[in-house]
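Undergrad: Here it is, the structure, as structure tokens.
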Amino acid sequence: MGRPGERMTAAVLFDLDGTLADTARDLAGALNRLLAEEERAPIPYEMLRPHVSGGARAMLRVGFDLTPADAAYTEFQQRFLAHYESALCVDTVLFDGIAALLDELDARAVAWGIVTNKSQRFTLALAEALGLRRRAACLVSGDSSPRPKPDARPLLLACGLASALPGETLYVGDDLRDIHAGKAAGVTTVAVTYGYLGDGLPIGEWGADHIVDTPAEILALLD
């Protein structure tokens with residue numbers, strides 16, 4: 001229990017890829033099918049996993065050395081996304097401990113939701129496939145607000161939908177931009193070591209309010 005005068009946690013918001021769900025194998029599969037179409041060798045899953053939180057942009061950079069500034073980028077992006085959409089939830093699963101954490105949040109009447117940079121059409125389909133769509137208090141995607149993370153607006157939108165003030169909200173993520181977005185929105189930030197983490201600054205240098213190794217540790221942060 002919290003001390004008198006302290007605010008209790010009203011909502012826990014999660015990034016999707018690398019935090020709530022392990023989507024890496026399906027995203028890696030989409031890239032490797034695109035590589036095969038271009039008669040290029042596949043890239044091992046272990047090499048692709050750290051880049052998954054960066055979405056299509058990161059995957060195309062690793063697979064084809066393409067950036068949005070390249071003329072071919074849009075074509076390859078659409079082809080990659082078509083491959084991903086066709087096999088969205090084949091090997092994707094919730095990370096170990098997430099199902100139990102969500103059950104406990106429900107039992108405690110703590111609202112929870114998703115804030116991701118994934119486009120809405122993928123977010124909704126994946127949440128449906130994982131049995132989360134009707135349980136979540138909010139599903140905020142990369143195209144739900146004028147700018148995606150690290151902008152604060154997706155998180156502020158999610159707080160409103162979950163009927164929680166930023167000061168009563170935790171945001172859990174596995175990427176530096178999750179922490180930047182959380183700081184900008186005024187929520188308490190939690191970085192997870194089990195996620196994809198990217199290839200930039202070490203997680204200890206992100207400035208998160210808390211770092212956890214397992215979903216179960218998030219429960220200790222609620223009060």
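Undergrad: What residue, among those in region 166-200 that are assigned to a loop (DSSP other than H, G, I, E, B) and touching a strand residue (DSSP E or B) at 6+ places or on another chain (Cβ under 6 Å), is modelled with the highest pLDDT?
TA: Val187
Undergrad: Condition check: in a helix (DSSP H, G or I) and buried (at least 20 other Cβ atoms within 10 Å of the Cβ). Does Leu132 satisfy that?
TA: Numbers: in a helix (DSSP H, G or I): no; buried (at least 20 other Cβ atoms within 10 Å of the Cβ): yes.
Answer is no for this residue.
Undergrad: Restricting to region 201-215, name every residue that is out of contact with any strand residue (DSSP E or B) (no Cβ under 6 Å at 6 or more places or on another chain), surrounded by 13 or more Cβ atoms within 10 Å (Cβ to Cβ) and part of a loop (DSSP other than H, G, I, E, B).
TA: If the condition is that a residue be out of contact with any strand residue (DSSP E or B) (no Cβ under 6 Å at 6 or more places or on another chain), surrounded by 13 or more Cβ atoms within 10 Å (Cβ to Cβ) and part of a loop (DSSP other than H, G, I, E, B), then Gly207, Thr214 are the ones that fit.
Undergrad: May I pose another question? Would you check if there is a residue in region 116-131 being over 26 Å from His180 (Cα atoms), under 17 Å from the mean Cα position of the chain (by Cα) and among the charged types (D, E, K, R)?
TA: Looking through region 116-131, at least one residue is over 26 Å from His180 (Cα atoms), under 17 Å from the mean Cα position of the chain (by Cα) and among the charged types (D, E, K, R).
Undergrad: Still on this structure: Name the residue, out of Ala111, Ala30, Ala99, that is buried (at least 22 other Cβ atoms within 10 Å of the Cβ) and without any contact (Cβ under 8 Å) to a residue 60 or more places away in the chain.
TA: Ala30
Undergrad: For region 75-89, does any single residue satisfy the condition of being part of a loop (DSSP other than H, G, I, E, B), surrounded by fewer than 16 Cβ atoms within 10 Å (Cβ to Cβ), acidic (Asp, Glu) and not assigned by TED's automatic domain parsing to the domain that holds Val190?
TA: no
Undergrad: Shifting gears a bit: Does at least one position in region 55-72 carry a residue that is free of Cβ contacts under 8 Å to residues at least 12 places away in the same chain, farther than 24 Å from Tyr194 by Cβ and in a helix (DSSP H, G or I)?
TA: No, region 55-72 contains no residue that is free of Cβ contacts under 8 Å to residues at least 12 places away in the same chain, farther than 24 Å from Tyr194 by Cβ and in a helix (DSSP H, G or I).
Undergrad: I would also like to ask the following. Being surrounded by fewer than 22 Cβ atoms within 10 Å (Cβ to Cβ) and within 19 Å of Ala216 (Cα to Cα) is the filter here, so list the residues in region 169-188 that pass it.
TA: Within region 169-188, Thr188 is the sole residue that qualifies.
The values are calculated or read from the model by the stated rules, or taken from the named source; none is laboratory data. Because the structure is a prediction, the values reported are computed rather than measured. Because the Cβ atoms are built from the backbone with ideal geometry, glycine has one as well, and the counts that use them run over all protein chains shown.
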